[in-house]
Amino acid sequence: MFIIGERINGMFKDVKVAIEKKDKSVIQGLAKKQVECSANALDVNVGPASDKPKEVMEWLVKTIAEVTDIPLAIDTTKEDVMEAGLALCKSKPIINSVNANQDKMDSLFALAKKYNASIIGLTMDKSGIPKDAERRLELAMKIVASCLEHGIDLQDLYIDAVILPVNVAQPHAKEVLKTIRDSKMLSDPPPKTILGLSNVSQGSLPQYKALINRTFLTMAIGAGLDAAILDVTDNDLVDAGITSELLMEKQLYCDSYLAAYRKK
Ligand code: THG
């Protein structure tokens with residue numbers, strides 16, 4: 001499982017405050033902690049409240065780069081903010097994200113080529129997030145086709161079926177799982193799949209959030225999920241992910257497989 005740490009996001013209070021105070025130590029602490037917890041990349045999102053998103057993205061990327069050279073997923077819907085972040089990345093960046101609108105794909109795939117970035121493609125468009133797997137798969141196919149037209153290696157594409165909070169959008173979870181399963185038939189090689197896992201438990205009771213995240217991660221890996229943006233500091237969650245991959249034959253079985261996985 002390719003893990004993108006979710007914590008450097010202005011949606012979290014501590015990050016929001018650190019951005020306001022230009023407090024590098026909080027951001028760098030979160031970066032180091034997530035790397036120690038075996039993140040493969042870090043999500044970077046200025047948050048919904050930022051009034052100078054470009055400046056904040058530049059500050060975040062530079063601040064993180066002082067303590068780690070791990071790849072960053074630049075998480076924004078604004079193209080100028082995206083390019084500002086990509087331009088400062090030291091390791092192969094990830095564009096988080098592009099939707100299935102042709103104009104968005106054309107401009108962001110051009111950025112992907114310019115900065116040799118991987119891409120997260122959301123199965124949504126102007127009309128929003130589809131309610132069923134069939135429409136999500138149509139949009140995934142549109143993204144795959146557009147990548148091929150732009151000469152982008154499908155190894156660099158992650159399809160995100162967009163999971164919504166189960167407390168308000170319960171029917172979506174099984175449609176997302178079906179999308180993950182069936183997206184393997186879209187191309188050869190197939191696109192990889194990813195989720196912003198914590199969306200699923202947003203708004204649920206605090207005492208259930210971790211359990212909902214862990215259960216859905218296990219189910220999604222069972223459906224073929226390759227990557228996730230998640231709370232990598234949640235040990236039980238990461239252990240469940242590693243174990244799910246073991247049972248899906250994506251990890252070789254050995255005694256003390258959890259320790260062995262973390263060592264490598
Ligand atoms: N797909 C892609 N990128 C994404 C998402 C996605 N990026 C953002 C988001 N979704 C994934 N990251 C988070 C981070 C936090 C939460 C959800 C998704 C979250 N936070 C808690 C809350 O809001 O209730 C806790 C906040 C707090 O403790 O202050 O749920 O889907 N490609």
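Here Ala31, Ala18, Ala41 are screened, and the one residue that is within 15 Å of the ligand (Cβ to nearest atom), in contact with a strand residue (DSSP E or B) (Cβ under 8 Å, 6 or more places away or on another chain) and open to solvent by less than 30 Å² (accessible area, probe 1.4 Å) is Ala41. Could you tell me whether Leu237 is buried (at least 16 other Cβ atoms within 10 Å of the Cβ), within 16 Å of the ligand (Cβ to nearest atom) and on the phi < 0 side of the Ramachandran plot? Criteria met by Leu237.
Against the definition (assigned to a loop (DSSP other than H, G, I, E, B), within 16 Å of the ligand (Cβ to nearest atom) and more than 24 Å from Gly128 (Cα to Cα)), how does Thr215 come out, yes or no? The answer is no for Thr215.
In this structure, is Tyr253 assigned to a loop (DSSP other than H, G, I, E, B) and either among the hydroxyl-bearing types (Ser, Thr, Tyr) or more than 24 Å from Leu137 (Cα to Cα) (or both)? Yes. Note on segment 200-212: among residues that are in contact (Cβ under 8 Å) with a residue 12 or more places away in the chain and more than 9 Å from the ligand (Cβ to nearest atom), the one that is surrounded by the most Cβ atoms within 10 Å (Cβ to Cβ) is Ile212.
So which of Ser25, Ser50, Ser91, Ser97 is away from the ligand (no atom under 16 Å from the Cβ), open to solvent by less than 40 Å² (accessible area, probe 1.4 Å) and not hydrophobic (A, V, I, L, M, F, W, C)?
Ser91
As a summary of the residue check, Leu258 satisfies the conditions (1) crowded, with 18+ Cβ neighbours inside 10 Å; (2) not in a loop (DSSP other than H, G, I, E, B) except for the one numbered (1).
The values are calculated or read from the model by the stated rules, or taken from the named source; none is laboratory data. Note that this is a predicted model, so its numbers are computed, not measured. For neighbour counting, all protein chains shown are included, and Cβ atoms are generated from backbone atoms with ideal geometry for every residue, glycine included. Surface accessibility is based on the protein's heavy atoms, side chains included, excluding ligands, DNA and RNA. Shrake-Rupley method; radii C 1.70, N 1.55, O 1.52, S 1.80 Å.
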